[in-house]
Amino acid sequence: MIEKKIQRNVTLAPFTTFKIGGPAAYFIEARTEDEIVEALKWAKHKHIPYFILGGGSNILIADKGFDGLVVKMRMNTYTVLKTNIIADAGVFLSTLVSASLKNSLTGLEWAGGVPGTIGGAVRGNAGAHGHSISELVKTVRVVRKGSVVDLENNNCRFSYRNSVFKRKNNNDIIVRVVLKLKKGNKQEIEKGITKHITYRNKTQPYQASCGCIFKNINFSAIDKTCLKKFPEMNEFKGYGQIPSGWLIDSCSLKRTKKGKVSISDIHANFIENSGSATAHDVRELIARAKLCVKQKFGIDLEEEIIYVGF
Ligand SMILES: Cc1cc2nc3c(=O)[nH]c(=O)nc-3n(C[C@H](O)[C@H](O)[C@H](O)COP(=O)(O)OP(=O)(O)OC[C@H]3O[C@@H](n4cnc5c(N)ncnc54)[C@H](O)[C@@H]3O)c2cc1C
């Protein structure tokens, strides 16, 4: 009986990297595809919404929590078959980076230090240093309307921090991912992973956060008058994107505080939680950053993070 596995009134903050968020009315740790299917049937029967929780590293949960069922992905086994890694959606990306090293497989070095699960990474097409998970995805297994469906990479419609799974009416739950890597040199792979982690440690804050708040801005979307007014933006032309952190920093917002949260001094696209922060304060800082960037550059910042329970 799935009902027996469903807990009530579970505080969600500890399940997020931001350490912010109130309780879930109902909460289940799903270890099998069947448990997911049964849990969703249960929620449907009760006419309540559900939310799939991976590593909680790209979300902001409301202080009042989520008045529905949170399904925490606990399916977390993986196997390596030649150059393929077959991973359940709940496996942490860091585990797969270690597995790639152990098996001398190259391609995932850029993900060294990126938190979260492979399911969350595929949904948001996580990436760094010019790479993204979509380059490695061979197939994705989802639970769709109670059945299991296998999708090829080109069915996932990946683009920058986006995929078919993020579309408004898409309710697919990613349960398994097959990544295709290449045979490589173990020492080189290790060097690559260390390089990326070292860079991350230097350029990102240590305090609790949910990663980059906003997506970067496509360079080609910037209008000519803006580039004329701010010629320094042209330095990003080759990169193809204007970093949102740069825009926020240009508005002198680093270190701006609200309660226990502040815009990071190290990377302006991060908001840090220095203690018992509230989601309300985070939202206020986000609104402030959006307003300042709009007023100065005429650019609309778009959140990369997902809001839960607002
Ligand atoms: C310090 C720090 C650094 C970061 N650096 C990077 C970076 O360099 N690059 C980058 O891209 N991101 C980065 N992030 C953001 C985050 O790590 C990634 O977006 C990560 O892939 C999110 O995975 P998750 O499992 O934590 O997803 P969650 O935060 O749990 O969920 C995010 C969304 O995915 C959905 N979801 C999760 N699992 C599934 C599933 N199995 N099926 C369907 N939907 C699912 C959730 O419902 C939610 O809508 C960083 C975050 C932090 C805190």
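The values are calculated or read from the model by the stated rules, or taken from the named source; none is laboratory data. Please read these numbers as outputs of a predicted model, since none were measured by experiment. Positions of Cβ are backbone-derived with ideal geometry, glycine not excepted, and every protein chain shown enters the neighbour counts.
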Selection from the range 42-80 of residues that are aliphatic (A, V, I, L, M) and over 20 Å from Ala121 (Cβ atoms): Ala43, Ile48, Ala62, Leu69
Output for the range 169-213, where each listed residue is more than 12 Å from the ligand (Cβ to nearest atom) and either among the hydroxyl-bearing types (Ser, Thr, Tyr) or not in a helix (DSSP H, G or I) (or both): Asn169, Val178, Leu179, Lys180, Leu181, Lys182, Lys183, Gly184, Asn185, Thr194, Thr198
Qualifying position, being modelled with pLDDT under 95 and either outside any loop (DSSP other than H, G, I, E, B) or assigned by TED's automatic domain parsing to the domain that holds Leu301 (or both), among Val140, Val148: Val148
Pairs where the first residue, in the range 102-126, is over 20 Å from Val71 (Cβ atoms) and the second is at pLDDT below 95 and part of a loop (DSSP other than H, G, I, E, B), C-beta under 6 Å, 6+ apart: Trp110/His129; Asn125/Arg161
Exclusive hit being crowded, with 17+ Cβ neighbours inside 10 Å and more than 18 Å from the chain's Cα centre (by Cα), set Thr139, Thr194, Thr225, Thr198: Thr139
Test: residue in the range 106-121 that is within 11 Å of the ligand (Cβ to nearest atom) and aromatic (Phe, Trp, Tyr): yes
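So how many residues does the range 230-248 have that are outside any loop (DSSP other than H, G, I, E, B) and either of a type in the set (Phe, Trp, Tyr) or in contact (Cβ under 8 Å) with a residue 24 or more places away in the chain (or both)?
Selection size over the range 230-248: 9.
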